[in-house]
There are 2 protein chains.
Amino acid sequence: MEDVDIRIEGEEITEVGRELKADGEVMNCSRMIAMPGMVNAHTHLGMSLLRGYRDDEELMDWLNSMWSVERRLSEEVIGLSSELSIIESIMSGTTAFIDMYFHPSVTMEVAKKYGIRGLLGPVFIDGLNDPKLVENDLRNMLSSRNELIKPVINIHGIYSVGKDTLERAAALMDETGLPLNMHVDETRDEVMEIRRKYGKQPIEVLMDVGLVRRNSIFVHLGWVSSWELEIITREGANVVHCPTSNMKLATGGFFPIVELMKMGVNVGIGTDGPASNNSLDVFREMKMAVLLQRNNYWSTAMKASHAISMATKNGYELIGVRGGDIAPGNKADLVLLSADSIGLLPMGPDNLVSNLVYSATGRDVVATIVNGRIIYGPHNRDEFIERAIEIGRKLEDYKSRLLPMVQLSK
Amino acid sequence: MEDVDIRIEGEEITEVGRELKADGEVMNCSRMIAMPGMVNAHTHLGMSLLRGYRDDEELMDWLNSMWSVERRLSEEVIGLSSELSIIESIMSGTTAFIDMYFHPSVTMEVAKKYGIRGLLGPVFIDGLNDPKLVENDLRNMLSSRNELIKPVINIHGIYSVGKDTLERAAALMDETGLPLNMHVDETRDEVMEIRRKYGKQPIEVLMDVGLVRRNSIFVHLGWVSSWELEIITREGANVVHCPTSNMKLATGGFFPIVELMKMGVNVGIGTDGPASNNSLDVFREMKMAVLLQRNNYWSTAMKASHAISMATKNGYELIGVRGGDIAPGNKADLVLLSADSIGLLPMGPDNLVSNLVYSATGRDVVATIVNGRIIYGPHNRDEFIERAIEIGRKLEDYKSRLLPMVQLSK
């Protein structure tokens with residue numbers, strides 16, 4: 001639609017149409033594109049410190065490198081890393097995220113300060129932390145949730161926890177009603193290891209312990225089998241695709257977006273963390289998702305519009321928020337882009353969707369609105385940039401002291 | 001290297017070191033990254049009019065859609081499209097290009113006006129134009145070449161010309177010494193069609209007519225066979241990879257970068273045109289090249305540094321210019337990026353290469369220098385943007401008049 005006005009009252013969009021009568025604050029959006037804010041459905045915000053660290057390792061080696069550093073990260077550093085990631089996310093048009101990282105209460109405070117929407121929580125990884133303490137952290141977070149920030153039960157992976165932790169998480173889901181978020185079927189090694197240990201595919205094991213549910217979110221699934229997809233479909237669970245991370249970590253496999261959507265499964269999209277992508281720009285991720293499908297299937301069945309659905313409509317379903325298109329009654333989570341950006345011209349209704357997916361990057365975002373509030377725009381752009389640079393300096397200083405030590409100990 | 005000065009005299013870099021004595025104009029580059037300007041080794045600059053047009057078609061259908069429009073494009077429109085593409089290229093850090101499109105003399109004039117370096121020339125496509133006229137156009141261009149702009153013999157593809165045109169091109173190479181640039185082994189259909197017609201693989205056919213030489217440039221090669229690679233290696237010909245275009249047009253196949261580099265073949269990188277990518281940003285293309293290799297091979301053998309070599313060192317070899325690293329005696333073709341860009345922080349010597357390949361986009365470019373001249377920088381940024389918007393409007397207007405007509409006739 002061209003030349004439309006959008007009325008926002010409180011947290012919601014209340015009217016969309018031509019030549020609406022203004023009563024209140026008006027933002028001139030001529031030569032701008034308004035789209036629903038994007039949901040980055042899988043990330044690790046606290047990892048921006050590790051952007052560009054160990055970029056040539058495959059998943060398991062890379063994870064071991066990360067874990068050896070992560071053991072030493074203070075709450076302060078994770079807070080700074082998360083803040084840098086949240087600035088990058090908001091500036092590139094992300095209005096909500098699903099996060100999995102250590103010290104989530106620090107990240108939660110930053111998210112609240114900036115007014116972005118998100119799901120986050122402590123992570124079960126049996127080698128790295130005590131599941132009892134993770135559970136306690138999660139219970140503590142329950143009291144600090146608000147309209148925008150909600151806790152999630154994070155399990156790192158089926159290969160990084162024991163069966164008792166899986167059962168503990170299922171009991172927590174029963175008790176709290178919180179969603180589950182976990183990496184599954186990411187590599188062929190994982191599938192083989194789980195088959196050796198349990199004699200079953202990963203999703204089958206999760207099904208047995210009661211973790212495949214309507215509010216479960218499974219991430220990666222490059223090596224998922226057809227019968228696991230049937231279980232996911234039957235139970236109404238959700239899946240998230242992280243194409244860049246899968247490619248960069250050489251995990252191979254096929255994530256069947258078009259088939260999943262046809263089966264009625266809700267499919268989100270995520271950048272994964274700044275250490276495995278190494279960007280938090282969901283616009284770039286949308287392009288990657290289409291390109292990877294087309295390369296894997298030698299077919300153009302995956303369209304640009306599918307990628308936009310993954311980042312918007314499907315993302316809102318994942319986080320349980322009414323939104324995903326610009327319509328009355330939806331939450332006012334919106335992104336404004338300049339239609340005059342270099343690289344998006346010529347721009348018209350015929351190539352709008354293509355331009356958003358194949359040409360745009362987060363750098364074309366002019367303003368980000370969450371829950372009816374303009375959390376980023378021309379009014380605070382300079383503040384965002386200055387704060388990012390300030391954090392960048394602190395992390396550079398921290399890295400120059402921390403990382404060499406870690407490298408020596410390897 | 002950190003904290004270095006670069007001295008440029010005339011067209012060349014003459015000194016690189018710490019605390020050089022200034023005599024002349026000085027540009028303060030603190031908190032900036034200097035890298036060699038990038039060579040976009042395969043593009044179709046005149047196609048920005050068609051950005052986002054027919055994005056869901058596979059190569060042959062897509063080509064037919066393009067050709068049906070392209071028959072009607074005036075020199076004026078191609079000039080405007082090329083200018084928009086050249087602005088986008090320069091602003092995103094490209095200092096040289098290898099172009100294949102119609103009415104190249106119009107594009108040549110634009111390139112000269114902006115001071116970018118390039119190889120371009122008319123295109124042999126037997127269905128669409130008369131090879132005699134193409135040859136005449138090329139001869140006319142020979143007289144207008146200069147230090148920066150040189151003609152190239154473009155053949156669209158082995159499937160889109162007859163054997164007599166291939167032979168004509170070989171005779172032209174003998175006579176003029178000009179390089180050859182052509183799409184080869186792009187799809188499985190092409191290989192099958194050529195095998196049916198000639199009983200040989202495409203590169204074997206080209207070898208027979210004398211087109212595989214030291215100054216031949218073969219683009220795409222997703223479906224190249226091992227024995228064709230041996231011919232390319234033996235004859236010292238060059239190859240160019242266009243990962244985004246190959247993925248988007250679902251051509252499948254494998255372009256074996258690491259193996260080719262090991263064999264000593266010079267491998268460049270290209271965005272392909274703004275209608276098949278749909279961006280001319282070589283930074284984004286470098287990331288795509290690494291990701292695609294890692295996905296195809298389930299291995300991290302391809303590194304970020306390989307991608308940078310493809311875009312710089314190897315690109316300069318393709319265009320026959322001394323450059324590709326910042327060293328005395330090389331042409332002063334340089335790009336400056338802000339080290340404080342959002343999405344590149346934290347930035348340090350340990351993650352510089354990673355950040356350039358995996359995090360940066362052309363939007364982080366602050367200045368572009370070609371042949372010792374600052375052709376883009378803070379001084380003319382607004383002019384570039386204004387001109388791009390002006391052209392964007394003209395092309396939007398032109399499209400709204402032209403494209404519906406074309407769509408009706410399909």
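At-a-glance table
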item: Residues located in the stretch B:203-246, provided they are open to solvent by 20 Å² or more (accessible area, probe 1.4 Å), of a type in the set (S, T, N, Q) and in contact with a helix residue (DSSP H, G or I) (Cβ under 7 Å, 6 or more places away or on another chain); result: B:THR233
item: Total residues in the stretch A:52-66, condition loosely packed, with under 14 Cβ neighbours inside 10 Å and either more than 14 Å from chain B (Cβ to nearest Cβ) or not in a helix (DSSP H, G or I) (or both); result: 1
item: Tally of residues being over 22 Å from B:SER92 (Cα atoms) and out of contact with any Lys or Arg (no Cβ under 9 Å at 6 or more places or on another chain) across the stretch A:333-366; result: 4
item: Options A:ILE342, A:ILE385, A:ILE374, A:ILE326: the member that is facing chain B (nearest Cβ under 8 Å) and surrounded by fewer than 23 Cβ atoms within 10 Å (Cβ to Cβ); result: A:ILE385
item: Meets criteria (polar (S, T, N, Q), without any contact (Cβ under 8 Å) to a residue 24 or more places away in the chain and surrounded by fewer than 19 Cβ atoms within 10 Å (Cβ to Cβ)) for A:SER299; result: yes
item: The stretch A:272-316, subset over 23 Å from B:TYR297 (Cα atoms) and charged (D, E, K, R), residue farthest from the other protein chains (Cβ to nearest Cβ); result: A:LYS313
item: Residue match in the stretch B:79-94 (condition: over 14 Å from the mean Cα position of the chain (by Cα) and polar (S, T, N, Q)); result: yes
item: Unique residue being surrounded by 24 or more Cβ atoms within 10 Å (Cβ to Cβ) and either over 19 Å from B:HIS42 (Cβ atoms) or touching a residue at least 12 places away in the same chain (Cβ under 8 Å) (or both) when the list is B:MET263, B:MET310; result: B:MET310
item: Elements of type helices (runs of 4 or more DSSP H) contained in the stretch A:213-323, each with 2 or more residues being within 21 Å of B:LEU249 (Cα to Cα); result: A:243-248, A:257-262, A:282-297, A:304-311
item: Count - residues of the stretch A:185-212 that are in contact (Cβ under 8 Å) with a residue 40 or more places away in the chain and not in a helix (DSSP H, G or I); result: 6
item: First in the stretch A:14-35 and part of a strand (DSSP E or B), second anywhere and of a type in the set (Asp, Glu) and surrounded by 10 or more Cβ atoms within 10 Å (Cβ to Cβ), Cβ under 8 Å, 6 or more apart; result: A:GLU15/A:ASP5; A:VAL16/A:ASP5; A:GLY17/A:ASP5
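The values are calculated or read from the model by the stated rules, or taken from the named source; none is laboratory data. Worth saying up front: this structure is predicted, and the values here are computed from it rather than measured. Note that each Cβ is placed from the backbone with ideal geometry, even for glycine, and that neighbours are counted across all protein chains shown. The area values use the complete protein model at the heavy-atom level, side chains included, leaving out ligands, DNA and RNA. Shrake-Rupley method; radii C 1.70, N 1.55, O 1.52, S 1.80 Å.
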